[in-house]
Amino acid sequence: MVFLIKKWLGGLLMPLPLSLALLFVSLLLLFFSQHQTLAKSLTLFSFLILFAFSLLPTAYHLAKPLERQYPPLLEAEQSFDYILVLGSSGINDQKLPITGQLSATALSRFSEALRLYYANPNASIVVSGSAFGDSKSHAQLLQQLALAFNISEQKIIRLDNAQDTNQEALQMSAIIEGKKAALVTSATHMPRAMALFKKYKQSPTPAPAMYLAKENSKELPSYSYIPSAYQLYKSQIALHEYLGLLQQWFVSNTTSK
C-alpha cells in the first residue's frame with residue numbers, strides 16, 4: 001500500500017499531470033463559478049508549468065547537478081566481483097524480441113553493464129525488479145536479455161521481488177558484502193541509489209548510464225530550443241529524483257529522532 005501511494009503521489013506531482021489537474025480545475029471555475037480571476041490564474045500557471053519544463057535549458061539544468069555528482073566509469077576493467085544493475089521497466093510482450101520488451105532506460109543500463117562485464121568476465125551480474133503485475137518480473141526480462149548476449153546463466157543472479165531502490169539496495173548489499181562491485185543505474189538516479197547503499201554500509205563503484213544532460217562542443221541550432229515532449233520527459237525524470245531524495249531525507253530525519 002505504501003508503495004502504491006508513493007507511486008501515485010510521485011506521478012501526480014510531475015509537470016504534465018499537475019498542469020492538467022490545474023487546467024481541469026480552472027475550467028470548472030471558468031464555466032461553473034464566479035471566480036473568473038482565479039480560473040484565469042490557474043490556466044496561466046498550468047501553461048507556464050508545461051512551457052518551462054518542456055524547454056531544453058530547464059531539462060539540462062535540472063538533470064546536470066544529479067548526473068555529475070558521480071563521474072562516469074571510463075576505465076571498465078576494475079576486477080569486479082559483481083555488476084549490479086538496478087531495475088527499470090519493461091513489458092513481457094512475446095510478439096517482440098527481448099530488446100523490444102525492455103524500456104530505453106533498461107537497455108541503456110544493461111549496455112553499460114555489458115561493457116563492464118566484457119572487461120570483467122569473472123564478475124557475476126545481479127539483475128533486479130519485481131513483476132509489477134506483469135507475467136514476468138523485470139529481473140527475468142533482464143536475465144533473458146543477458147542470455148541473448150551469451151552470458152552464462154550461472155553468472156546471473158536474479159532478484160525478483162525488489163519493488164524499489166531501497167529494496168534493491170538492501171538485497172544487493174547482502175550479496176556484495178566484502179566484495180568489489182559496480183553499481184549501474186541512470187546517471188540521474190545514481191545519487192539516490194548510492195545514498196541507499198551507504199545506508200546499508202556498502203559503497204559500490206558508481207557506473208552511471210543514460211545521461212540526459214549532455215554537453216555539445218558546438219553551439220546547438222536554434223530549433224533545439226523549441227519546447228518538446230522529450231525535454232518535458234527529461235525534466236520529469238530529474239524532478240522524480242529530486243522528490244525521491246526529498247523523501248529519503250524526510251524518512252531519515254524522521255526515523256533518527
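Identify the residue in region 202-225 that is touching a residue at least 40 places away in the same chain (Cβ under 8 Å) and part of a helix (DSSP H, G or I) and, among all such residues, is least open to solvent (accessible area, probe 1.4 Å).
Filtering region 202-225 for residues touching a residue at least 40 places away in the same chain (Cβ under 8 Å) gives 204-213, 220, 224-225.
Going one step further and asking which of them are part of a helix (DSSP H, G or I), we end up with 224-225.
Details: S224: 28, Y225: 103 Å².
Filtering region 202-225 for residues that are touching a residue at least 40 places away in the same chain (Cβ under 8 Å) and part of a helix (DSSP H, G or I), the one least open to solvent (accessible area, probe 1.4 Å) comes out as S224.
Residues that are more than 21 Å from M210 (Cα to Cα) and modelled with pLDDT of 95 or more within region 122-136 comprise N122, A123, S124, listed in sequence order. Looking across region 226-250, the residues that are at pLDDT below 90 and either open to solvent by 70 Å² or more (accessible area, probe 1.4 Å) or farther than 20 Å from G10 by Cα (or both) come down to Q247, W249, F250. Among the residues of region 35-48, are any touching a residue at least 24 places away in the same chain (Cβ under 8 Å) and under 20 Å from the mean Cα position of the chain (by Cα)? No; the residues of region 35-48 include none that is touching a residue at least 24 places away in the same chain (Cβ under 8 Å) and under 20 Å from the mean Cα position of the chain (by Cα).
Among the residues here, L66 qualifies as assigned to a helix (DSSP H, G or I), touching an Asp or Glu at 6+ places or on another chain (Cβ under 9 Å) and either within 30 Å of S130 (Cα to Cα) or touching a residue at least 60 places away in the same chain (Cβ under 8 Å) (or both).
Q167 meets each of the listed conditions (1) over 29 Å from K64 (Cα atoms); (2) open to solvent by 10 Å² or more (accessible area, probe 1.4 Å); (3) assigned to a helix (DSSP H, G or I) apart from (1). Tell me yes or no: at least one residue of region 52-60 is loosely packed, with under 14 Cβ neighbours inside 10 Å and at pLDDT below 90. Within region 52-60, not a single residue is loosely packed, with under 14 Cβ neighbours inside 10 Å and at pLDDT below 90.
The values are calculated or read from the model by the stated rules, or taken from the named source; none is laboratory data. Just so you know, these numbers come straight off a predicted model, no measurement behind them. Every residue, glycine among them, receives a Cβ derived from its backbone with ideal geometry; neighbour counts consider all protein chains shown. With ligands, DNA and RNA removed, areas are computed over all heavy atoms of the protein, side chains included. Shrake-Rupley method; radii C 1.70, N 1.55, O 1.52, S 1.80 Å.
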